Amino acid sequence: MNLSHRALTSIKSKGFRAKPYTDSEGVLRIGYGHRVTPGDGVAPKDLINVFKGSELLEADIKQIVKHLVEQVPSNITQQEFDQLVLQKYN
């Protein structure tokens, strides 16, 4: 099972930030809410474009989906799966 296009659009509709920012919990984020980590190739003063932001988002979603697929029952609906992915991403 994969995240639906509709759910991905929902994530992207919350906005894109080209410049890193610190969220309310003190976590450095960039793009569509990606948590900046040392392996990203993104420094705190870097700017990214929408393409790089989408790449980071796709990598985040891929990890979440991989983890969830191993844990959820096979009869889960697409809408339920999307909600679980959105909860994990947020």
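Here are the numbers:
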| quantity | calculated |
| --- | --- |
| Given the chain, longest segment not containing exposed loop GluC sites (Glu not before Pro) (DSSP; at most 13 other Cβ within 10 Å) | 26-69 |
| Helix-only CD estimate at 222 nm, as mean residue ellipticity for the chain, using -39500 (n - 2.57) per DSSP H run (n ≥ 4) | -14000 deg cm²/dmol |
| Restricting the range 1-85 to trypsin sites (Lys or Arg not before Pro) in coil, as DSSP defines it, with at most 16 other Cβ within 10 Å | Lys14, Lys45 |
| Cβ-defined net charge surrounding Pro44, 12 Å radius [Lys, Arg +1; Asp, Glu -1] | +1 |
| Radius of gyration, Dmax [the range 10-90; alpha carbons; angstrom] | 13.8, 45 |
| Max mean-square fluctuation residue, GNM over the chain, Cα-Cα springs under 10 Å, options Ser13, Ser54, Ser74 | Ser74 |
| Candidates Gln71, Gln63, Gln79: whichever shows maximal mean-square fluctuation once the chain is modelled as a Gaussian network with Cα springs under 10 Å | Gln71 |
| 5 angstrom amide H check on Arg17, placed H, neighbours 5+ away | Gly31, Tyr32, Gly33 |
| Chymotrypsin sites (Phe, Trp or Tyr not before Pro) within the chain: DSSP coil, no more than 16 neighbouring Cβ in 10 Å | Phe16 |
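Values in this text are rule-based calculations from the coordinates and carry no lab data. Because the structure is a prediction, the values reported are computed rather than measured. A quick note on method: Cβ atoms are made from the backbone with ideal geometry, for glycine too, and the neighbour counts reach across all protein chains shown.
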